[in-house]
Structures are given as structure tokens and as C-alpha cells.
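Engineer: Here it is: the structure, laid out below.
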Amino acid sequence: VLAGTGLTVAAAPAAHAAASDAVAKLPISSYSGLAVDSVHQRVYIADQRDGQAAGTVLVYDFQGQKVAALPHTSSVSGVALSEDSATLYVGESGRVVTYDTGTLQRNGEHSAAYDTCGRQLAYAGGTVWSTDAYVFQSYLCATATTSLDMLTNGTVSRTGWNDVGRLQLAPGARARNRLLMGQPKESGAANPFLASFDVSGTAPVRDASRRFADGDGKSALDLVDMAASPDGT
């Protein structure tokens, strides 16, 4: 309102990029994972296609143009990149598959405990970390017992650590050898946790951890996803 004139001026709407400049529509049926490769300027997107025999990983450049599709014979879930972005890890129900990111050629397969709930992957401390949970019906995944696994000597083996629900994993900063884990609210836990693991050794060590509910059980964590800042703090 301009003082003394009675004239009201509406602010101009904020400028927005055209949809074609900012959005790439994805030909997928069930998104299940994302990895960003700054070295090759690519984005890897997992299309799980649960219940079908044709999961795939789509590869896009930073301009939103499709570069390739990496087909799989079973559903796919989590994806993760090595620290140097030379290797892409893709989770399947019974294994973790690797690709050379320079050529996008498959170069390895690592057996894992069978998973029916969507294998989470994260690369931290020089190791690939994975989850696995097995249930007969997918609706049971929310409250299933989920194990934390690690890739060593070509096999994904259990660490002995587990908890309830679709546990979410994320890497911390590279130099800090840190793995983050969160428990979604749908797990049924009264007060879901957020935890940080030291993964500098041969086994993960649970370090910082906290829950969020007050004395009345309010304000509990409602986790969907997470990421660490570049400096790892």
C-alpha cells in the first residue's frame, strides 16, 4: 500500500523456470532409489517394479537427458556409489550388482540374504552397507525385523545388528567414516530413533543416537529420508 494514495499494489509472482527446463518426467512405475554422480554428471534412478520381472536403473545426465537403462531380471531397490564414483551398486532381492560407471557395464554380483522389503544401500567408510528383511506379504514390511549387512569378500553378510521397520540408511561425510540410520514412524516403535555409526573398523559401532518424543510421547520422529551435510557435521 502506497502511503497517502490508497493504492494497493500486488507483488509480481516469483519467476519460475519452464517445466521443460526444470523437470524430466520419468518412465518408471515405482521409484525406489537415487544416486548422484558428480564425477560423470549423472543421476541413477532405480525403478523397483515390485512383483514384476523387469526392474531397471535409469541413467540421466545433469541436463535431464536419458543416457541409458540398466535392465535387471528381478526387482531393484537401493542404489549407491563408491567414494570415487567409479562403481555403482544396485540392490536386488538376493544380491548386490555392480557396474563400472565409466562404461555402464556390469562387472560384479554379490550374494546377499534374501530381501522382500526393498534393500537399502549406502557406501560409507570404504564399505557398502545394506539392509534386508524377509516377509510373506509386503504390508508386513513396515514392522518387519530388518538386519544391517555389509559387503566383504564378495558377499553381503549380516553384521548382527537389527531393528524394526524399513530402516533407512545414508552415508555421512567421506572423511568421517560415518553411517546414518533412521527408523520410520510406521515401524510401530513408540519413539523411532536416529543413529550414527562409526564404520572405520571391521564392524559398525553405534555412536551418537537420539529419539525425539517428549514425556507425553509427542513430537516423535516421522522420518522419510535424510542426508549428511558435505562437512559431515
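The values are calculated or read from the model by the stated rules, or taken from the named source; none is laboratory data. All values derive from a computational prediction rather than experimental measurement. Cβ: placed from backbone, ideal geometry, glycine included. Neighbour counts: every protein chain shown. The accessibility values were calculated without ligands, DNA or RNA, using every heavy atom of the protein model including side chains. Shrake-Rupley method; radii C 1.70, N 1.55, O 1.52, S 1.80 Å.
Engineer: Return the calculated 222 nm mean residue ellipticity for the chain, to the nearest 500 deg cm²/dmol, obtained by summing -39500 (n - 2.57) across DSSP H runs with n ≥ 4 and dividing by the residue count.
Structural biologist: Calculated mean residue ellipticity at 222 nm is 0 deg cm²/dmol.
Engineer: About the Cα centre, and with charges only on the beta carbon of Lys, Arg (+1) and Asp, Glu (-1), how big is the dipole of the chain? Nearest 20 debye, please.
Structural biologist: 100 debye
Engineer: To continue, here is another question. So, for segment 97-148, what is the accessible surface per residue at a probe of 1.4 Å, expressed in square angstrom? Write down the numbers at each step before the final one.
Structural biologist: Numbers: 2200 Å² over 52 residues.
Value returned for segment 97-148: 42 Å² of accessible area per residue.
Engineer: Something else now. What residue among THR155, LEU140, PRO204 has its Cα farthest toward the positive end of the dipole of segment 109-210, where the charges are +1 on Lys, Arg and -1 on Asp, Glu, each on the Cβ?
Structural biologist: Sorting the options by dipole projection puts first PRO204.
Engineer: Set the Förster distance to 25 Å, then compute FRET efficiency between ARG106 and LEU140 from the Cβ-Cβ distance, nearest 0.05.
Structural biologist: Between ARG106 and LEU140 the formula returns 0.20.
Engineer: Can you give me the % of accessible surface on the chain that is carbon or sulfur? Probe 1.4 Å, all protein chains present, nothing else counted.
Structural biologist: Working: 6280 of 12460 Å².
Whole-percent figure for carbon plus sulfur exposure: 50.
Engineer: Continuing with this model, one more query. What three numbers, in Å, describe the spread of the alpha carbons of segment 106-220 along their principal axes, ordered from the longest?
Structural biologist: The Cα atoms of segment 106-220 stretch 50, 38, 23 Å along the principal axes, largest first.
Engineer: Counting only the backbone N, which residues of segment 65-102 are under 16 Å from the spot 7 Å out from the Cα of VAL39 toward its beta-carbon?
Structural biologist: 80-90, 98-102
Engineer: Over the chain, what is the mean sequence separation of C-alpha contacts under 8 Å (at least six apart), divided by residue count, expressed as relative contact order in percent? List each step's numbers first, then the result.
Structural biologist: On the way: 561 pairs, mean separation 22.7, N = 233.
Relative CO of the chain lands at 10 percent.
Engineer: Out of (1) 33, 23, 14; (2) 65, 24, 13; (3) 33, 26, 19, which label holds the value of semi-axes √(5λ) of the Cα gyration tensor in Å that was computed here?
Structural biologist: Checked against the structure: label (3).
Engineer: Place a +1 charge on the Cβ of each Lys and Arg in segment 138-233 and a -1 charge on the Cβ of each Asp and Glu, then give the dipole magnitude about the Cα centre in debye, rounded to the nearest 20.
Structural biologist: Roughly 160 debye, rounded to the nearest 20.
Engineer: Based on the alpha-carbon gyration tensor of segment 172-233 and its eigenvalue square roots a ≥ b ≥ c, which shape applies: rounded if a/c is under 1.5, prolate if not and a/b is larger than b/c, or oblate? Mind showing how you got there, number by number?
Structural biologist: On the way: a/c = 2.49, a/b = 1.99, b/c = 1.25.
It is prolate, given that a/c is not under 1.5 and a/b is the larger ratio.
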